[in-house]
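**Student:** Below you'll find the structure I mean.
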Amino acid sequence: MISCPVCIMNDSIKEFKMTKTNICNFCAEWEKQKHLYTNFTQNKISQNLSNIKKKIIGSKNNKKYDCVIGLSGGTDSSFVVYHAWKLGLNPIIIHMDNGWNSKTSNHNINKILDRTGFDYKTLILDWEEFRDLQISFLKAGVPDIELITDHAIFAYIIDFAVKENIKFILSGVNFATEHSTINSWGWRKDDFNHIKKIHKIFGKHKLKTFPKMYPFKRFYYENIKKKINVINLLDFINYNSLEAKEILKKEFNWENYGGKHRESFFTMFFQGYILPEKFKIDKRILHLSCMIRNQEITRDKALEITALPPLESQNINQYVNFFKKKLQLSNDEFVKIMSEKPKRHSDYDIDIYNNWVFQLIKKTVKKLL
Ligand SMILES: [Zn+2]
């Protein structure tokens with residue numbers, strides 16, 4: 001196996017390549033872009049934050065709220081809320097309950113809301129619809145099931161912001177800890193057409209209430225009608241997730257989950273069991289490599305972590321049973337899902353939004369604006 005000497009990416013990942021300078025293509029991409037998102041001086045960070053504040057407050061349309069923030073209770077979104085609080089903004093917080101939230105996640109959300117006093121709304125997804133969608137994606141055999149959750153919260157927030165006339169959405173998406181994408185592992189999160197296609201083949205219930213977003217709708221609201229503006233706040237502050245966790249613990253009595261995206265049982269089980277067992281994907285390699293480049297962890301420590309199994313083996317049976325029971329899957333169905341050959345997302349779609357017609361429209365419109 002060929003491994004990058006800087007991060008821990010290796011040639012088990014289809015997109016992995018070594019470059020002439022003896023670093024991998026993911027490290028090379030980081031080197032090329034990091035000056036845009038990291039290494040700001042303290043002065044520059046204060047200036048960045050004050051510019052964001054001015055921009056948001058200056059174009060406040062809604063009488064009460066100046067921005068919308070989606071809060072999962074995980075580090076990134078919690079830290080965005082922390083900054084909004086410190087900046088004296090008045091956001092409306094949206095939290096989504098897809099039926100899988102952990103106790104830790106609920107604890108964190110309650111602590112943050114108590115302390116900041118921010119108003120909030122909980123979007124409760126219709127469990128029968130959501131369960132049906134998750135089962136559809138499991139049966140489809142595609143690796144990015146989490147995109148249903150990401151899609152729902154994102155679609156809901158954009159519609160909510162447009163409806164309430166709130167121009168700014170503060171997002172926890174960030175370059176520092178999420179800069180690498182592996183195309184074969186995922187699919188775009190803003191395309192309901194893809195979800196619909198899979199659900200049509202494998203689903204049983206109608207999707208009456210599930211929030212829906214389309215790339216063109218998003219582009220329209222962001223660029224043509226200019227109704228919304230998404231700010232990735234963590235890209236302006238030299239984001240370091242370990243430092244963020246310390247601040248969150250101190251300020252909100254926030255609890256750590258012990259791993260990225262462990263805020264829900266589904267995510268933990270999916271990334272810790274289904275992805276490695278069925279798809280031979282270990283997402284820890286990707287997350288830890290980002291942390292190495294962002295100087296949050298050493299390469300040796302990252303290798304130590306990935307040498308351990310992704311889930312504690314003594315709990316796996318219990319987790320499998322809970323997973324089947326909650327989704328109402330029979331043992332035969334679960335065994336079938338796990339043993340069938342993995343599929344690619346592209347097997348269920350022609351991504352028209354990446355084709356040349358859409359790209360041309362996008363470029364032309366951007367030039368006109
Ligand atoms: Zn590398």
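**Student:** With the cut-off at 22 Å, tell me which of the pairs Lys200/Lys343; Lys103/Lys250; Lys301/Lys324; Lys139/Lys341 have Cα atoms farther apart than that.
**Tutor:** In this structure, Lys301/Lys324 lie more than 22 Å apart at Cα.
**Student:** List the trypsin sites (Lys or Arg not before Pro) within segment 45-88 that DSSP assigns to loop and that have no more than 15 neighbouring Cβ atoms inside 10 Å.
**Tutor:** Qualifying residues, ordered by number: Lys63, Lys64.
**Student:** In terms of the Cα gyration tensor, with a ≥ b ≥ c the square roots of its eigenvalues, is the chain rounded because a/c is under 1.5, prolate because a/b exceeds b/c, or oblate?
**Tutor:** Cα axes put the chain in the rounded bin.
**Student:** May I pose another question? Between Ile316 and Gln47, what is the spin-label point distance in nm, taking each point 7 Å from the Cα along the Cα→C-beta axis?
**Tutor:** My value for the distance between the label points is 5.4 nm.
**Student:** Near Leu49, within a Cβ-to-Cβ distance under 15 Å, what is the net charge of the other residues, with Lys and Arg +1 and Asp and Glu -1?
**Tutor:** My count for the surroundings of Leu49 gives +3.
**Student:** Within 10 Å of each candidate Cβ there may be at most 11 other Cβ atoms; applying that plus a DSSP loop requirement, which GluC sites (Glu not before Pro) in segment 247-315 survive?
**Tutor:** Glu312
**Student:** Suppose we keep just the DSSP beta bridges with both residues in segment 25-348; what percent of those would be antiparallel, to 5?
**Tutor:** DSSP beta bridges in segment 25-348 are roughly 5 percent antiparallel.
**Student:** On to the next question. By the gyration tensor of its Cα atoms, with a ≥ b ≥ c the square roots of the eigenvalues, what is the shape of segment 163-277: rounded for a/c under 1.5, prolate for a/b over b/c, or oblate?
**Tutor:** Here segment 163-277 falls in the oblate category.
**Student:** May I pose another question? Going by the alpha-carbon gyration tensor, a ≥ b ≥ c the square roots of its eigenvalues, is segment 261-347 rounded (a/c under 1.5) or, if a/c is not under 1.5, prolate (a/b greater than b/c) versus oblate?
**Tutor:** Because a/c hits 1.5 or more and a/b exceeds b/c, segment 261-347 counts as prolate.
**Student:** Loop only by DSSP, 12 or fewer other Cβ within 10 Å of the Cβ. Give me the trypsin sites (Lys or Arg not before Pro) in segment 219-259 that pass, ordered by residue number.
**Tutor:** Listed in order of number, the matching sites are Lys225, Lys226.
Taken together, the values in this text are just the output of simple stated rules run on the coordinates, not laboratory data. Since the model is a prediction, treat every value here as computed from it, not as a measurement. FYI the Cβ positions are ideal-geometry reconstructions off the backbone, even for glycines, and counts take in every protein chain you see.
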